[in-house]
There are 2 protein chains.
Amino acid sequence: MALAEHACTRESAVAARIDVAPCNACPVRSMSVCSALEADELKRLADILVSVKVDAGHTLFAEGDGADTLFNVTAGTMKLYKLLPDGRRQITGFLLPGDFLGLSINDTYAYSAESVTPATLCRFPRRRLEGLLEDYPKMQRRLFAMASSELAAAQDQMLLLGRKNAKERIASFLLMLSERAKRRGYAENPVHVPMSRSDIADYLGLTTETVSRTFTQLKTSRAISLLEGGKVRLNDMETLQELAEGA
Amino acid sequence: MALAEHACTRESAVAARIDVAPCNACPVRSMSVCSALEADELKRLADILVSVKVDAGHTLFAEGDGADTLFNVTAGTMKLYKLLPDGRRQITGFLLPGDFLGLSINDTYAYSAESVTPATLCRFPRRRLEGLLEDYPKMQRRLFAMASSELAAAQDQMLLLGRKNAKERIASFLLMLSERAKRRGYAENPVHVPMSRSDIADYLGLTTETVSRTFTQLKTSRAISLLEGGKVRLNDMETLQELAEGA
DNA sequence: AACGCGCCTTGATCCAGATCAAAGCGCGAC
DNA sequence: GTCGCGCTTTGATCTGGATCAAGGCGCGTT
């Protein structure tokens, strides 16, 4: 369990705030931007933020664990998943820097969280956040807005899982990654795809074999190119979009 | 468009509050329970609440419509769904009395809403609610809690759609309906199933034929009985639960 | 270099659930 | 009553993606 911790300085929190646009889904950082009482609030935030580094494949917490801690991804990619007793797995989401982890009203986590790549997270106790929320209602708003947009994404995913075929799923997945990278200011076209075939399969409700075959098909039809280092070039956005929308 | 409207009296709002427990997911009513300023708040609420009655099969709004109104189901069952251009449909949720509709941060609805049975809803303009939220932070909390629990339900549904087989899906569905009925104080065992086979199919990512066959199988194996008036008796909770959990 | 170990790809076969097709079965209109 | 229409059930067949089974390929270790 390689898990290094050290207290965030106030400076690092400020710096973190600078490299993220106010509307990205990073609660702590963007909430400080929102608040009217920035300086005061930021000071309190800096006091409770703790940075956590994990290797690839590290389980941060498991479904059912006591949900006393909140996390905010600052680097790397995380995956959230649920398991059935016989081992079937559904990944419910991939988290990129700025995403939030552990937004639960219950006292246990509803899913497990594991790093896909080496990752850094900002962690803080839930109690402390709740205290902050009392004092800064705009944080509440922000938190609600985040939950709402996650809900909208979940509904899109239900449509995908319930009604799209393999090709449509892969196309939707690649476009989603591209869209998210773009909104965070990363390269949107050769998309970075850091997760394994098996992770993609468990996210899209398919098997690794089907994911692999479908990538091959898309490559053969020139819609995408598979590049070095887990990058995928989207050659024909037109076609991919049509596929994703199920036209 | 059979759409009758009349202003709610303050009395009806109070009455509504009485037949719902504080922790049911009915935002307006339970928020009034939560707030320290009940009398004042309730007065303001009563001013803006408007009751809406619709027939079965009525489309309340469609995906993409301007999302300027919020609804709160007070009687009947609603369904929310998304469509693909070729007509494939995914129902993302069924709403029972007390459920909330239109929780969107965007300015357009992310899904369509249609009544399954004749239904009554309390409607109010989003702007007015936002004003209330400014003044009553506990409403914010309540709203956030609702969005969180919807999110948790959405994640369960992803597991179902991505990884469960037909029998497991139907068992999960019936148990979910039973659980929800119970928490609202309705009969939990002969479960009321007001929706058509085709609605169930579009909720579970199956076809009507498969839904029908699976009901027959469960009936044949004595796990359930199909009763009059769209009721289903769950005979063998043990087996159903095992199926639903995928053991 | 040779080996082992995870992935990933590719091929062959299988099967759960889709699709196609045809009755039942209410139930309201006339 | 009986006609028609929508919903449901049941049967026969088909198929997209799962499963089973080999290799291939990159990479770190000895």
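The values are calculated or read from the model by the stated rules, or taken from the named source; none is laboratory data. Here the structure is a predicted model, which means the values were calculated and not measured. FYI the Cβ positions are ideal-geometry reconstructions off the backbone, even for glycines, and counts take in every protein chain you see. The accessibility values were calculated without ligands, DNA or RNA, using every heavy atom of the protein model including side chains. Shrake-Rupley method; radii C 1.70, N 1.55, O 1.52, S 1.80 Å.
Report whether or not residue B:130 is more than 28 Å from residue A:133 (Cβ to Cβ) and either β-branched (Val, Ile, Thr) or open to solvent by 10 Å² or more (accessible area, probe 1.4 Å) (or both). The answer is no for residue B:130. Restricting A:53, A:82, A:138 to residues that are away from chain B (no Cβ under 14 Å) and either in a strand (DSSP E or B) or open to solvent by 50 Å² or more (accessible area, probe 1.4 Å) (or both) narrows the list to A:53. Beta carbons closer than 8 Å, at least 6 apart along the sequence or on distinct chains, pair a first residue in the range B:224-238 that is away from chain A (no Cβ under 14 Å) with a second that is in a loop (DSSP other than H, G, I, E, B) and within 14 Å of DNA strand D (Cβ to nearest atom) for B:230/B:193; B:230/B:194; B:231/B:193; B:232/B:193; B:233/B:227. Looking across the range B:56-79, the residues that are closer than 26 Å to residue A:141 by Cα and open to solvent by less than 20 Å² (accessible area, probe 1.4 Å) come down to B:61, B:67, B:70, B:71, B:72, B:73. Does any residue of the range B:106-120 turn out to be open to solvent by 20 Å² or more (accessible area, probe 1.4 Å), under 15 Å from the mean Cα position of the chain (by Cα) and within 16 Å of DNA strand C (Cβ to nearest atom)? Within the range B:106-120 (the criterion being open to solvent by 20 Å² or more (accessible area, probe 1.4 Å), under 15 Å from the mean Cα position of the chain (by Cα) and within 16 Å of DNA strand C (Cβ to nearest atom)), the answer is yes, since at least one residue qualifies. Of all residues in the range B:91-135, which are among the aliphatic types (A, V, I, L, M), under 16 Å from residue B:58 (Cα atoms) and more than 9 Å from chain A (Cβ to nearest Cβ)? If the condition is that a residue be among the aliphatic types (A, V, I, L, M), under 16 Å from residue B:58 (Cα atoms) and more than 9 Å from chain A (Cβ to nearest Cβ), then B:95, B:96, B:101, B:113, B:116, B:119, B:121 are the ones that fit.
Close contacts from the range B:174-186, counting a first residue that is outside the structural domain of residue B:97 (by TED's automatic domain parsing) and a second that is in a helix (DSSP H, G or I), with Cβ to Cβ under 7 Å and a gap of 6+ residues or different chains, come to B:174/B:240; B:175/B:240; B:175/B:241; B:175/B:244. The sole residue among B:227, B:206, B:234 that is in the same structural domain as residue B:167 (by TED's automatic domain parsing), within 15 Å of DNA strand C (Cβ to nearest atom) and either buried (at least 16 other Cβ atoms within 10 Å of the Cβ) or charged (D, E, K, R) (or both) is B:206.
The criterion of being assigned to a loop (DSSP other than H, G, I, E, B), within 29 Å of residue B:67 (Cβ to Cβ), of a type outside the set (S, T, N, Q) and within 16 Å of the chain's Cα centre (by Cα) does not hold for residue A:93.
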